[in-house]
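The values are calculated or read from the model by the stated rules, or taken from the named source; none is laboratory data. Keep in mind that what you see is a predicted model, and the values were worked out from it rather than measured. Note that we place each Cβ from the backbone using ideal geometry, even for glycine, and neighbour counts take in every protein chain shown. The protein model used for the area step is the full one, side chains on, heavy atoms only, and it has no ligands, DNA or RNA in it. Shrake-Rupley method; radii C 1.70, N 1.55, O 1.52, S 1.80 Å.
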Amino acid sequence: MLFTRKGDDGTSGLFGTKDRLSKDSPLFEALGTVDELNSLLGVCFAIAHTQDTGTISLASILHQIQEHLFIVQAELAGADKTISHEHVVWLEGVSGDIEALIGSPKTFLIAGGTELSGLLDFTRAVSRRAERRVISAHHQKLISSETSIYLNRLSSVLYALARYAAWRAGAHEQAPSY
């Protein structure tokens, strides 16, 4: 059964506890926003999977990030799971690999060089919101410092992936004219 009726009163439970919290609590806002981020990454993955011809496999990277976000959600929900230092190092390596291949941008760029790069930029913005929501919920549920660091790095990696997707497609990205 896909529903339990337990949340009909506007509350929901967390892993390993019988306590119920309001669905509008900062903790559920954080969980929901990380879930939204993971779903949006799924859209990007579906597109990248059909276009993966480059040196760096966007689909593989996106899938791995999705796996990591399930760890973040589990940690927030109270499970004995956490992002490790190795996850952070891997994320930093992805960023470094892309920067070594295409260089680093010297200015902000307008989103939308390609459909995929535009979606990755949108995903980057959602990742920043997810990070803010997790920080806001931090007083209700302790998260590891590595999880905090991972979420901070994630938006930069998604920005790099958006640039790589545009570069790989030969799209010209524009700086804002201000």
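Let me have the 222 nm mean residue ellipticity of the chain computed from DSSP H runs of 4+ only, each contributing -39500 (n - 2.57), with the sum over all residues rounded to the nearest 500. Walk me through the numbers before you get to the answer.
Details: 5 runs with 111 residues, N = 178.
Roughly -22000 deg cm²/dmol at 222 nm, from the helical runs in the chain.
Between the range 25-90 and the range 156-171, what is the separation of their alpha carbon centroids in Å?
Each part's Cα centre sits 18 Å from the other's.
Count the lysine pairs in the chain that are 8 or more places apart or on different chains: how many have C-alpha atoms under 29 angstrom apart?
Final tally of qualifying lysine pairs is 9.
Extending each Cα 7 Å along its Cβ direction at Thr55 and Asp9, get the distance between those two points in nm, one decimal.
5.9
What percent do you get for the relative contact order of the chain when only Cα pairs under 8 Å and 6+ apart count?
Numbers: 210 pairs, mean separation 49.9, N = 178.
28 percent.
For the chain, find the longest principal axis of its Cα atoms and tell me its angle to the long axis of helix 145-168, 0 to 90°, nearest 10.
With rounding to tens, the tilt is 30 degrees.
Counting only Cα atoms, I'd like the Rg/Rh figure for the range 83-178, Kirkwood definition for Rh.
Details: Rg = 14.7 Å, Rh = 14.3 Å.
My calculation of the ratio gives 1.03.
Please give the length that would be gained between Glu67 and Ser177 if that part of the chain were fully extended, namely 0.36 nm times their separation in residues minus their C-alpha to C-alpha distance (nm, one decimal). Let's see the in-between values first.
Working: separation 110, 0.36 × 110 = 39.60 nm, distance 3.79 nm.
Length gained between Glu67 and Ser177: 35.8 nm.
What's the angle, to the nearest 10 degrees (0 to 90), between helix 26-51's Cα axis and the longest principal axis of the chain?
40
So, by mean Cβ neighbours within 10 angstrom, what's the order for 42-51, 157-166, 57-66 with the highest one leading? Let's see the in-between values first.
Numbers: 42-51: 16.4, 157-166: 24.9, 57-66: 18.9.
Going from most to least packed, we get 157-166, 57-66, 42-51.
On the protein heavy atoms, probe 1.4 angstrom, tell me the percent of accessible surface of the chain carried by carbon and sulfur. Before the final figure, lay out the partial values.
On the way: 5280 of 9740 Å².
Heavy-atom surface of the chain belonging to carbon and sulfur, 1.4 Å probe: 54 percent.
Of the listed values (i) 30, 18, 13; (ii) 32, 16, 15; (iii) 36, 17, 15, grab the one calculated as semi-axes √(5λ) of the Cα gyration tensor in Å from the structure here.
(ii)
How far apart, in nm, are the 7 Å Cα→Cβ label points at Ala74 and Asp97?
Once both label points are built, they end up 2.3 nm from each other.
In nm, to one decimal, how far is the Val89 label point from the Met1 one, both placed 7 Å along Cα→Cβ?
4.7
In Å², what does the accessible area per residue of the range 1-160 work out to with a 1.4 Å probe? Mind dumping the intermediate values first?
Working: 8670 Å² over 160 residues.
Per-residue accessible area for the range 1-160 comes out at 54 Å².
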